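**Q** Quick one: this structure, given as structure tokens, is what I'll be asking you about.
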Protein chains: 2
Amino acid sequence: MTELAKLSASDRAALSLELEQRYNAFKAQGLKLDMTRGKPAPEQLDLASKLTVLLAESDYKGSDGSDARNYGGLDGLPEMKAIFAEMLGAPPAQVVVGGASSLTMMHDTVVRALLHGVPGGTEPWGRSKTKFICPVPGYDRHFAICEHHGIEMLSVALSDDGPDMAEVERLVASDPAIKGMWCVPKYSNPTGTTYSDAVVKRLAAMKTAAPDFRLFWDNAYAVHDLYETGDSLANVLTACAEAGNANRAIVFGSTSKISFAGAGVAALASSPANIADVKKHSGIQTIGPDKLNQLRHVRFFKDFAGVIAHMHKHAELLRPKFEAVIEAFEKELGGRGVATWTKPHGGYFISLDTLDGCAAEVVRLADAAGVKLTAAGATFPYGKDPRDRNIRVAPSMPPLTQVRTAMEVVAVCVLLASAKKLGA
Amino acid sequence: MTELAKLSASDRAALSLELEQRYNAFKAQGLKLDMTRGKPAPEQLDLASKLTVLLAESDYKGSDGSDARNYGGLDGLPEMKAIFAEMLGAPPAQVVVGGASSLTMMHDTVVRALLHGVPGGTEPWGRSKTKFICPVPGYDRHFAICEHHGIEMLSVALSDDGPDMAEVERLVASDPAIKGMWCVPKYSNPTGTTYSDAVVKRLAAMKTAAPDFRLFWDNAYAVHDLYETGDSLANVLTACAEAGNANRAIVFGSTSKISFAGAGVAALASSPANIADVKKHSGIQTIGPDKLNQLRHVRFFKDFAGVIAHMHKHAELLRPKFEAVIEAFEKELGGRGVATWTKPHGGYFISLDTLDGCAAEVVRLADAAGVKLTAAGATFPYGKDPRDRNIRVAPSMPPLTQVRTAMEVVAVCVLLASAKKLGA
């Protein structure tokens, strides 16, 4: 198809009229489609429905003899730690299992650092100005933690192989206030980018002005491949240790998008010094996480291979939705020169870039036609996309037919907004 | 029996010899009894064993239509909030259901205040010196939160009807650095004291130099009566509102000692302003707590009346253990003038006061004879009992016969240490 910008003014006006008609037809349907959040669909949750029923009344002992119904077990049941050890890439002794939410573990790790500092640091982060590097587009809940706690965010562009490392290296080398960096290193939210081995190595080895700099390695999509052959991600803990920066990375993960998003199990992994520090703090905050839910997960998945096998079932459900989004974009937007989009091999999102200055208008148009999208700007610190072009598409939750309809609506909105922008 | 102090030196020496023999006989038995922590016994946990199996695979919807397996529900399922509303004494809209641990909710409330302040305050608590009032003897995990976060603790004596209010009023009126006070208002840990209505009223109404003073009202034993007629506790939220200090109290509770200590449900209740503040912060920390576990609890207990009925079963198991402790103390220590002990109507602990300077020695002697007690001093801030006399006795976990034996050992140790102290 011809690029919108290359159409004559009259052709573009004619096209706009046609688009208006399609848009109004959608509007007349009274659609109510929600593409805002990366929630698993009910069918995905059904895959783990046995989780709620498989613990016999008499089945409450961990392999260490502990009664999972009673107090204790600060860092998790051994068999649960073993599964996360493989998922997060660390020995079991370097894993701490938490409650149901890795977001909470990340948040609390930031809060502890603000109040108490971290191993290798000289004072609590909260005593002075603290900054984090945020690859963009990125995950809004990461940015919300920083904004809430007054941590200044420095955006760095995410490319196909990870963040712009020259820029990251320049920033961390020069500014000791930069204490952390958010990373979703595999199937990044929202672009689906997986960091290359070279990027992981540079992140592990780069010189930081702050001696207590931390990579917040949110490996949320560690096993969330859409295809037989998933992207491969280098082990950041190994890379950091090899570079002499053993305490640099803290790796987070959960079963939220494996078992139940509201009732899974979360964990973190890091160096022995960081793990000792985490336990020192968490021993004040809790007597221990819910071990019965850990036991349920262990009985259901059995081991890490069981997790992987289970994820193949998720992929069967998710893949058609991702492909429907990309098909719709290619059909409607291909060759039009008004948008680009990612084609992830896993994760939960597709990232759509419109012409500069069009994202908010697309979201507005789609909303008016009954298709809710994540707010424009949400994928940037402070909710502000400087080019107003990025839209996060979350195809997991609605049924496939709805995804198709919603994406057709979105594509029409992109074309409409673009034509207007270009002068229709 | 004759008071030890009134025995002649030679009689005391004879008694000591006899006690030594009894002590050595215990020692020879190779006992291994643990009376350290307030953990429910396995038989108590068995009372709720249906909890792990009663959710059918298809039973995952809350009354609000939400899928308990998926993300969301920041403040809890409506039906779970309704149960806690009655337990904590607040309208459901003023309840926030958290994860499994009320300790975590208390800790996080302190941390949020340190970093962000609270409604009615002018700055984050962490910006200046912060102090808490700690009724003593009290709960070691409360004190650990303060110590860990650098909050200075001011001990105030706990009497039969609650903390020494004249002293509390004097302190809070004069020192704006006093921002909080720990209270276990019903069946206090470890004395079993329940605050009188007059004390609750004074706590609610007292003038505080700090405009943002908070009562951390840990109502851990709200429904944990040992007898048909339990102690009654005034509603602190109502009292605070009536006194014009609506934001003063934050009430915490959980099902840890109702369902499962490691896998229960926790909640807090407070004024609308405090609840809005909690949600503002917790919305950054989590997408929501484990709703499936809430649903399990709702299905099992059905309503608050179901909780009360369940607690009668706990009482049947706990009462004999409490009575065994008190019997042993009365039999061995009654009339000896070397110790006093509480006779709680509920809760999880009995508090034993020895002669000044004897508690650590009793714990040491008991430990050497195979009976582990909570460390002497644990019931005081910084682990330091200025009179070295308080010992927390936790009779819930061991079987009844072991409780009997352990208490006989402890009583002998008290007599031994006292005789030594008095000059045997």
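The values are calculated or read from the model by the stated rules, or taken from the named source; none is laboratory data. Fair warning: this is a prediction, and the values are worked out from it, not measured in the lab. Glycine also receives a Cβ, built like all others from the backbone with ideal geometry; neighbour counts cover every protein chain displayed. Ligands, DNA and RNA are excluded from the accessible area calculation, which covers all protein heavy atoms including side chains. Shrake-Rupley method; radii C 1.70, N 1.55, O 1.52, S 1.80 Å.
**Q** Using a 10 Å cut-off on Cβ to Cβ distances, tally the other chain neighbours for every residue of B:121-130 and report the average as a whole number.
**A** For this peptide, the per-residue mean of nearby foreign Cβ atoms is 1.
**Q** Then there's this: Which ³J(HN,Hα) values, rounded to whole Hz and listed in residue order, are derived for the range A:380-389 from phi using the Karplus coefficients 6.51, -1.76 and 1.60 in 6.51 cos²θ - 1.76 cosθ + 1.60 with θ = phi - 60°, glycine and proline given as x?
**A** Here the 3J(HN,Hα) series is 10, x, 6, x, 10, 8, x, 9, 6, 9 Hz.
**Q** Angle check, please: helix B:359-368 long axis (alpha carbons) against the longest principal axis of chain B (alpha carbons), in degrees 0 to 90, nearest 10.
**A** So the inclination is approximately 80 degrees.
**Q** Next question. Say the dipole of the protein assembly as shown comes from +1 at the beta carbon of Lys and Arg and -1 at that of Asp and Glu; which of B:H297, B:S196, B:S58 then lies farthest toward its positive end?
**A** B:S196
**Q** Alpha carbon centre of the range B:109-174 versus the range A:14-63: separation in Å?
**A** Each part reduced to its Cα centre gives a spacing of 46 Å.
**Q** Give me the count of lysine pairs in the range A:285-424 whose alpha carbons sit under 17 angstrom apart, restricted to pairs 8 or more positions apart or on different chains. Before the final figure, lay out the partial values.
**A** Values: A:K291/A:K302; A:K302/A:K313; A:K313/A:K321; A:K321/A:K331; A:K321/A:K343; A:K321/A:K372; A:K331/A:K343.
Within the range A:285-424, the lysine pair count is 7.
**Q** Please report the relative contact order for chain A, taking Cα pairs under 8 Å with a sequence separation of at least 6, and give it as a percent rounded to a whole number.
**A** 26 percent
**Q** Could you work out which residue, out of B:H148, B:H224, B:H345, moves most in a Gaussian network model of chain B, that is, has the largest mean-square fluctuation with Cα springs under 10 Å?
**A** Fluctuation is largest for B:H148.
**Q** If you keep only loop residues by DSSP, which chymotrypsin sites (Phe, Trp or Tyr not before Pro) in the range B:170-260 have at most 12 other Cβ atoms within 10 Å of their Cβ?
**A** Here the chymotrypsin sites (Phe, Trp or Tyr not before Pro) that fit, given the DSSP loop and packing criteria, are B:Y227.
**Q** What's the average, rounded to a whole number, of partner chain beta-carbon atoms within 10 Å of each residue's beta-carbon in B:48-57?
**A** Per-residue shielding by partner chains comes out at 5.
**Q** Quick one: dipole size for the range A:146-273, taken about the Cα centre, charges +1 on Lys/Arg Cβ and -1 on Asp/Glu Cβ, in debye to the nearest 20.
**A** Here the range A:146-273 has a charge dipole of around 360 debye.
**Q** Further question on the same structure: Using the Cα atoms of the range B:320-377, I'd like the radius of gyration and the largest Cα-Cα distance, Dmax, both in angstrom.
**A** 11.7, 31
**Q** Could you derive backbone 3J(HN,Hα) for the range A:30-37 from the dihedral phi with the Karplus parameters 6.51, -1.76 and 1.60 (θ = phi - 60°), listing whole Hz in sequence and x where the residue is Gly or Pro?
**A** Coupling constants for the range A:30-37: x, 5, 9, 10, 10, 10, 7, 10 Hz.
**Q** Find every distance from the label point of B:K372 to the corresponding label point in the other copies (7 Å from Cα along Cα→Cβ) and write them in nm, one decimal, shortest first.
**A** Taking the point 7 Å beyond Cα along Cα→Cβ, the inter-copy spacings are 5.1 nm.
**Q** Another question, then. Give the residue list of chymotrypsin sites (Phe, Trp or Tyr not before Pro) in the range B:298-327 that are DSSP loop and have at most 12 other beta-carbon atoms within 10 angstrom.
**A** none
**Q** Related question: How tilted is helix B:78-88 with respect to the longest principal axis of chain B? Cα atoms for both, answer in degrees (0 to 90, nearest 10).
**A** Tilt relative to chain B: about 40 degrees.
**Q** Going by average Cβ density within 10 Å per residue, which order do the peptides A:131-139, B:25-33 take, highest to lowest?
**A** A:131-139, B:25-33
**Q** Given a cut-off of 21 Å, what percent of all Cα-Cα pairs of the range A:230-330 lie beyond it? Provide the component values of the computation, followed by the final result.
**A** Working: 2780 of 5050 pairs.
Summing the P(r) of the range A:230-330 above 21 Å gives 55 percent of all pairs.
**Q** When the distances between all Cα atoms of chain B are binned every 20 Å from zero, what whole-number percent does each bin get?
**A** All Cα pairs considered, the percentages come to 26, 53, 20, 1.
**Q** Mind listing which trypsin sites (Lys or Arg not before Pro) in the range B:229-314 are in a DSSP loop and have 16 or fewer other Cβ atoms within 10 Å? Each step should come with its number before you reach the end.
**A** Numbers: sites: B:R248, B:K257, B:K279, B:K280, B:K291, B:R296, B:R299, B:K302, B:K313; in loops: B:R248, B:K257, B:K302.
Loop-located and lightly packed - B:K302.
**Q** Here's something else I'd like to know. Along Cα-to-Cβ, 7 Å out, sits the label point; list in nm, shortest first, how far the one on B:G306 is from those in the other copies.
**A** 2.9
**Q** Could you work out the relative contact order of the range B:1-134, using alpha carbon pairs under 8 angstrom and six or more residues apart, expressed as a whole percent?
**A** Details: 60 pairs, mean separation 12.3, N = 134.
Value for the range B:1-134: 9 percent.
**Q** Another question, then. Just to confirm the number: angle between the C-alpha axis of helix A:272-285 and the first principal axis of chain A, 0 to 90 degrees, nearest 10?
**A** 90 degrees
**Q** Assign one of three labels to the range A:249-288, namely rounded, prolate or oblate, based on the Cα gyration tensor with a ≥ b ≥ c the square roots of its eigenvalues; rounded applies when a/c is under 1.5, prolate when it is not and a/b is larger than b/c, and oblate otherwise.
**A** Oblate, because a/c is 1.5 or more while a/b does not exceed b/c.
**Q** Can you give me the % of accessible surface on the range A:13-166 that is carbon or sulfur? Probe 1.4 Å, all protein chains present, nothing else counted.
**A** Using a 1.4 Å probe with all protein chains present, the range A:13-166 comes out at 51 percent carbon and sulfur.
**Q** Need one word for the protein assembly as shown: rounded, prolate or oblate. Basis is the Cα gyration tensor (sqrt eigenvalues a ≥ b ≥ c); a/c below 1.5 gives rounded, then a/b vs b/c decides.
**A** prolate
**Q** Right, another one. Just check the range A:1-144 against the gyration tensor rule for me: Cα atoms, a ≥ b ≥ c as the square roots of the eigenvalues, rounded for a/c under 1.5, and otherwise prolate or oblate depending on whether a/b exceeds b/c.
**A** Oblate shape, in that a/c is at least 1.5 and b/c is the bigger or equal ratio.
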